[in-house]
Amino acid sequence: MNRIALALLAAAALNAADGVLDHVDAHAGRFGEISRQIWETPELGFHENKSSALLQQELKANGFEVQAGVAGMPTAFTASFGSGKPVIVIMGEFDALPGMSQKVEPAVDPVTNGAPGHACGHNLLGSASALAAVGIKEEIEARGLKGTIRYYGTPAEEGGGGKIYMIYAGLFKDVDAVLAWHPGDSNSVSLSSSLANNGGKFKFYGVASHAAAAPDKGRSALDGAMIMLNAVEFLREHVPQETRIHYIISNGGQAANIVPAYAEVTLIARNPDAQVLAGIWDRIMNCARAGALASGTRMEFEQGTNYANVLVNDTLSEVLGRAMQKAGGYQYTPEEQKFASELQKTLGGPVKRPGPDTVNVSKRESSGMASTDAGDVSWVVPTAQFTTATFVPGVGAHTWQAAACAGSTIGRKGMVVAARTLAVGAIELFENPAELAAARDSFETRLAGRKWSTRIAPGSKPPLDYATK
Ligand SMILES: [Zn+2]
């Protein structure tokens, strides 16, 4: 099919979009409440028991067939409606972040000190995707469209990499397209990628002794860790500038008067290109070996997160761009405007970002500086994602300001924009299989003969305790 015919079909599909938008809007209040319930019960990766159950229950009540505990993860699930091809998947996350508890207030004020909080807005992410799936299902029924709509509940995005185990379990094998979104501070569709990342724990084993009476008998595991990290700091100058390397000393010993027998560094490195990152990673491993050698300790590495960069999809991004233009932005009420202005005052500088009433669609290629396991999915199925203005303009993810927005009516309005966009986009794909063929072509072009690869070995068990150990 030529481009003009595709464009005509797309225009016809957009005119038909009002039906699915009505379905989404009819359920928006209910799913807004669900997002708030998940926000009030923030659960860490692989422990999202209540959040996952709530979404499953709601999808079941709306006629989806639910399979819980897929791919060896108790909180992962699939919810399916319809049959046959095409198969379109909408992904939903629902994990929270440690220590990010925050009230819906424009000043630092945790609900519970030190408790988890939804500072990445995944309470909205999972709920908006489920809202979209329900709207799409009702439109499929109303119009007798062919195919299958699935919701994939993907746990532990903040480090556990739930999607990687779902790929290994074959859950994406028959899927034609994946649509996803992420909370953000603007309504934007673009060819935005992400950073590939790799991380894990460097464990140093030394010999304990009295730090004053017999230091010569000890071998400090902490020395090993610190020599490694000094070497990493020198390395930082000699890597491509878009590289990110960040770490904590997750164990530095027990008492200052004991030479530490054990120390542990948790480190993550990132780069837009997984292959470049692999080379940098080899050098980080050498820094760790140097630390062990110099301190007379032993080092073991435990693999942690490894996410691929997002492979953008030109066709699906165009579909979502048209869909968002149809779905539209939203306006603040006077109270929301007041909250937004007060929150912006805490950001430490003037904010020059588009407002929630605007929709920004571009073909600009860029890389966001975060990482996601949606990147891995994008290497095995044509995948596209976008952001909506769930956070006040200028607010970044993983901040107390984001956690405040995620529980607010601003967050809920942004999630409805996301659900409307996903729904219009998915219906266009159901109506027009030629778009799916074009999305497949774009996928193959971007892959350029490469294959998905990960350091998470096939057959390995999901790290179900990664967030709590
Ligand atoms: Zn996130």
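The values are calculated or read from the model by the stated rules, or taken from the named source; none is laboratory data. Given the structure is predicted, the values throughout are model-derived calculations rather than measurements. Positions of Cβ are backbone-derived with ideal geometry, glycine not excepted, and every protein chain shown enters the neighbour counts. What goes into the accessible areas is simple: the full protein's heavy atoms, side chains included, and nothing from ligands, DNA or RNA. Shrake-Rupley method; radii C 1.70, N 1.55, O 1.52, S 1.80 Å.
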- prompt: If each of ASN286 and ASN49 carries a label point 7 Å out from its Cα toward its Cβ, how far apart are those two points in nm?
  reply: 4.7
task: Loop only per DSSP, at most 11 neighbouring Cβ atoms within 10 Å: give me the trypsin sites (Lys or Arg not before Pro) in the stretch 398-464, ordered by residue number.
output: ARG450, LYS451
statement: The distance between the Cα centres of the stretch 41-63 and the stretch 90-126, in whole Å, is 16
query: How high is the FRET efficiency between VAL108 and ASP465 when r is their beta carbon distance and R₀ equals 35 Å, given to the nearest 0.05?
result: 0.75
query: Which of the helices in the chain, when you take each full DSSP H run, stretch at least 15 Å along the axis at their Cα atoms and have an average Kyte-Doolittle score of 1.0 or higher?
result: 3-15, 221-235
field: Table column - 3J(HN,Hα) (Hz), the stretch 353-366, Karplus curve with 6.51, -1.76, 1.60, x for Gly and Pro
entry: 9, x, x, x, 7, 9, 10, 10, 10, 8, 9, 5, 8, 8
query: With each run of n ≥ 4 DSSP H residues scored as -39500 (n - 2.57), what mean residue ellipticity at 222 nm is computed for the chain after dividing by its residue count and rounding to the nearest 500 deg cm²/dmol?
result: -13500 deg cm²/dmol
Residues of the stretch 197-306: accessible area per residue with a 1.4 Å probe, Å²: 51
field: Projected label distance in nm at LYS217 and ALA278, using a 7 Å step from Cα toward the beta-carbon
entry: 4.8
message: Need the C-alpha centroid separation for the stretch 209-235 versus the stretch 166-208, integer Å.
response: 34
task: Classify the stretch 312-370 as rounded, prolate or oblate, taking a ≥ b ≥ c as the square roots of the eigenvalues of its Cα gyration tensor: rounded when a/c is under 1.5, otherwise prolate if a/b is larger than b/c and oblate if not.
output: oblate
message: With the cut-off at 1.5 for a/c, could you classify the stretch 286-424 from its C-alpha gyration tensor as rounded, prolate or oblate?
response: oblate
- prompt: What is the stretch 197-306's relative contact order, in percent, from Cα pairs under 8 angstrom and six or more apart in sequence?
  reply: 46
Accessible surface of the stretch 175-214, 1.4 Å probe, proportion on carbon and sulfur as whole %: 56
task: Could you give the C-alpha radius of gyration of the chain expressed as a fraction of 2.2 N^0.38 Å, taking N as the number of residues it contains?
output: 1.02
- prompt: Say each of ASP18 and GLU141 gets a label point 7 Å from the Cα, pointing the same way as Cα to Cβ; how far apart are those two points in nm?
  reply: 2.2
statement: With the 8 Å Cα cutoff and a minimum separation of six or more residues, the chain has a relative contact order in percent of 24
task: Could you sort out which of LYS203/LYS352; LYS103/LYS469; LYS163/LYS469; LYS413/LYS451 sit more than 32 Å apart by Cα distance in this structure?
output: LYS203/LYS352; LYS413/LYS451
query: Shape call for the stretch 197-306 from the C-alpha gyration tensor, a ≥ b ≥ c root eigenvalues: rounded (a/c under 1.5), prolate (a/b greater than b/c) or oblate?
result: prolate
- prompt: Using Cα pairs under 8 angstrom and six or more residues apart, how large is the relative contact order of the stretch 135-272, in percent?
  reply: 26
